[in-house]
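Reading through the structure tokens given below for one structure.
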Amino acid sequence: MKKILVATDFSNCARNAMEYAMNLAKVLQVEVCAIHAIGSTEGIDNNTYNAIYIEDYYNNKREALKAWAAKFTETADFNGVNVSTVCEVGSVSNVITKYISTNPVDLLVMGTMGSTGIAGLFGSNANTMVEKSTTPTLIIPMESKFSMHPVITLATDFAAKLSSSDFNGLNRILEASRSEKLDVLNIIEDPQWKTNKEGEEGLRKQINTKLDFNYITENNTAEGIMNYIISSKTDILCLVKHHHNIIYRIFNRSTVNQVMNRSIKAVLVLHEGAN
């Protein structure tokens, strides 16, 4: 991992996400880039619009972003972390997508007010980025803090295949958090299946830590996921973005959303077949 990109709107959510990213970067010794999107009509007064004035507004925004980022690097905890800033005009998704297309970003970090399931958990901007981007995306709810040795669970049905970049992002998060193992919650559609040896071996070859496999069937998937998240005290839930698989269907249900609201501290969204 070389660079973590953090989206910011200067809110408390963004500050919390930036602090989380800075902790990751400190352990992994990678760069952080704080990125801010200026709305295309932001700062424009239609009655007094002047190209010179609007350019001043944009420059003030860029300086404000630098000052915002400096608040982190000036602290004793993060003064060794290299932080850059990017401030461009456009929608949040377009500005981030453009930057990722021309820069080596290994992880996108975005903050959110709270957790209310897949649809509500992310908020509109994070939801859009999950849909548009193939970069591993870490969603940090407002109340979450970086901690060592979190319980990390990868929920999978083995139908979606991760890319090398996603495996790399997952491995680096495991490394940064000093997690001794990864819990793998396997969702199977056929109750006659007890294990998936081929799927297990595939993950073992790609993930650099001990794997603890657990299986539940689709007949009781929602209840099984809820019970597992609670009993395992999962802190970070890893999901693969693939709308046709069981995981995404399940995590749009209100019952599971309620569990996420109480339990999950962060969500890492990975992408099927991305390179």
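The values are calculated or read from the model by the stated rules, or taken from the named source; none is laboratory data. Keep in mind that this is a model prediction, so the values were computed, not measured. Positions of Cβ are backbone-derived with ideal geometry, glycine not excepted, and every protein chain shown enters the neighbour counts. Ligands, DNA and RNA are excluded from the accessible area calculation, which covers all protein heavy atoms including side chains. Shrake-Rupley method; radii C 1.70, N 1.55, O 1.52, S 1.80 Å.
Provide a single number: the residues in region 100-128 that are in contact with a Phe, Trp or Tyr (Cβ under 8 Å, 6 or more places away or on another chain) and either modelled with pLDDT under 85 or open to solvent by 40 Å² or more (accessible area, probe 1.4 Å) (or both). Within region 100-128, residues that are in contact with a Phe, Trp or Tyr (Cβ under 8 Å, 6 or more places away or on another chain) and either modelled with pLDDT under 85 or open to solvent by 40 Å² or more (accessible area, probe 1.4 Å) (or both) number 3. Within region 136-155, if we keep just the residues that are open to solvent by 10 Å² or more (accessible area, probe 1.4 Å) and at pLDDT 80 or above, the residue that is nearest to residue 213 (Cα to Cα) turns out to be 151.
If you filter region 156-170 down to residues that are polar (S, T, N, Q) and touching a Ser or Thr at 6+ places or on another chain (Cβ under 9 Å), you find that the one that is most open to solvent (accessible area, probe 1.4 Å) is 165. Of the helices (runs of 4 or more DSSP H) lying entirely inside region 188-275, those containing at least 3 residues that are at pLDDT below 65 and surrounded by 15 or more Cβ atoms within 10 Å (Cβ to Cβ) span 246-250, 254-263.
Pairs are defined by a Cβ separation below 6 Å, a sequence spacing of at least 6 or placement on different chains, a first member in region 163-181 that is among the aliphatic types (A, V, I, L, M), and a second member that is at pLDDT 85 or above and part of a helix (DSSP H, G or I); the pairs so defined are 176/24; 176/27; 176/28.
If you go through region 54-80 and pick out every residue that is under 27 Å from residue 28 (Cβ atoms) and either acidic (Asp, Glu) or in contact (Cβ under 8 Å) with a residue 60 or more places away in the chain (or both), you end up with 3.
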